[in-house]
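Taking it in order: structure first as structure tokens, then the write-up.
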Amino acid sequence: MRMLRLPTVRLNVLISLLVASTVIVTLGVALWMFDATLRDTQEDAQAARVTDIAQVVASRRRVVNVLKEAGDTRDFATDSDVQREIDALRQRLDVDFIVVMNPHAIRLTHPDPTRIGEHFQGGDEGPALQGEHYASRAEGTLGVSIRGFAPVRNTAGEVIGAVSVGVTLDTLGARLADNRLHMVLGIGLLMILGTLGASWLARYIKRVLMGLEPHQITRLVEERQAILGSVHEGILAVDVAGRITLTNAAACSLLDQAGLEVPALGTPITDYLPQSGLPDVLQSGEASLDQEVFINGQALLANRMPIRHQGQVIGAVATFRDKSEVRLLAEELTGVRRYAEALRAATHEFKNKLHVMLGLVQLEAYPALARYLRDVADHQVAPGAALVEGIGEPVLAGFLLGKQSEARERDITLTVDVEDAIPAPRDPAMIHTLVIVLGNLLENAFDAVDELNARQVTLTMGVDTDLLSLHVQDTGPGIPAAIREHVFASGTSSKGHQRGLGLAMVREHVEAHDGTLALYSEPGRGTLIEVDLPYPVSSPTEN
């Protein structure tokens, strides 16, 4: 059964709903709490107010005289002067009732004149007739009200009656309703502003996230982690303040090989790796490519690039690669090229011989074919075998035969003089080094004599006490004095653009094996290059 996939809600909609609902709920709770607090505050304020009014009315001389005259009688006029005076005072003070009562709680005044002469309703008047002033809440003829009581005393201090002033809850509710309306309007306005703010915040966050949804951000983070983990180069990134923000697994491995602990995020790069060069990139905003960096003696090849956002440098990233790996790849690639050149020359020469033999067979000139085969055996095979006599490494011997074929093809005389027998080296990688060194030296020598009449190159080889000596001499025009001192530097050449790499590679490999390199050259008298390399030979049991 195929499950239905629910539609994905966009991030800005989620943020808008969340913020808007939070604002609305918060303001709703605040409205409820404020309303309850306002109601309690209003009741307390009205209680204090009606009690004060009751005390003031009870102290009026007219009220005291009326109660003295009335005594204990229960028959009071409904339209007396005191009734009119008290009613006018009630309206002026905006209260619902002001009741003057005698010691038996019989009303002398009331907003409803028909209630005059009746007993006070509510049952809370007793303490006032005993001489206390206070506020209470009770139900009377006008409904539930907040009441204030005060005793009326004669000149002797005796209680001769009491005054009650009250405000009904209906009146108080109407006042609260007016205040509540203003409060609801204010909170409603705040809700609208909060909703608009939520919408703006959602759009702002969406813009900061470059319009990406959460699932898209998750996928990008997963892809980023996968890419960083699969990259062979070490990657180290810092922010604009020079604090480390990222290291991948390859970087951790390289730093561990160099004897450094994995850095914690936020560590200043100047404290952790002063030679990283990243602070310079942050300051200049310029990239630094293919620079050699040494970390605790380990040689690394580093590329450093600034990280920009909207034209501003916000950080920098460095990629590291073990230089020994790069050198090994270069050696393998160069060795393959040298092998291919030698094989091409040998193949070309062999094809020429085959063409001659095929032609003689087609002409049925068998005596001439026999003479040609003897000449090939005498002048090609035998010299070739003699050329590599004394070289115990087949790869090196084959390589030199290939270079001999190339020299013959270019009409150059290549003389190989093996002074001492050269056994196989203990380290097989040394053969690749010899192919690179000899290949570049012989290639330069061939180029030097290529356009001259006397085209002669001599290679002298020998091994003495685990030291291999190589001498390559040509009869070329020599090296100009202007470039002789730095001829082994990368890019130095008199042959044009993108040349001058061969001798630089020779120097790197000789120095990598703790060997020595010397050059002797004079204009018009050719060039001699001497190379001495440590050459531990293999024992018979290793073969």
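None of the figures in this text is laboratory data; all of them are computed from the coordinates on show. Being a predicted model, the structure only gives us computed values, none of them experimental. For neighbour counting, all protein chains shown are included, and Cβ atoms are generated from backbone atoms with ideal geometry for every residue, glycine included.
By the count of other C-beta atoms within 10 Å, a proxy for reagent exposure, F120, F488, F294, F34 are ordered fewest to most as F294, F34, F488, F120. From least to most packed, judged by other beta carbons within 10 angstrom and beginning with the fewest, K68, K403, K206 follow the order K68, K206, K403. The fewest-to-most ranking of I86, I314, I295 by surrounding Cβ atoms within 10 Å reads I314, I295, I86.
In summary, region 13-175 shows an alpha-carbon radius of gyration equal to 1.36 times the 2.2 N^0.38 Å reference for compact globular proteins. About its Cα centre, region 234-322 has a charge dipole of approximately 220 debye under the convention of +1 per Lys or Arg Cβ and -1 per Asp or Glu Cβ, with nothing else charged.
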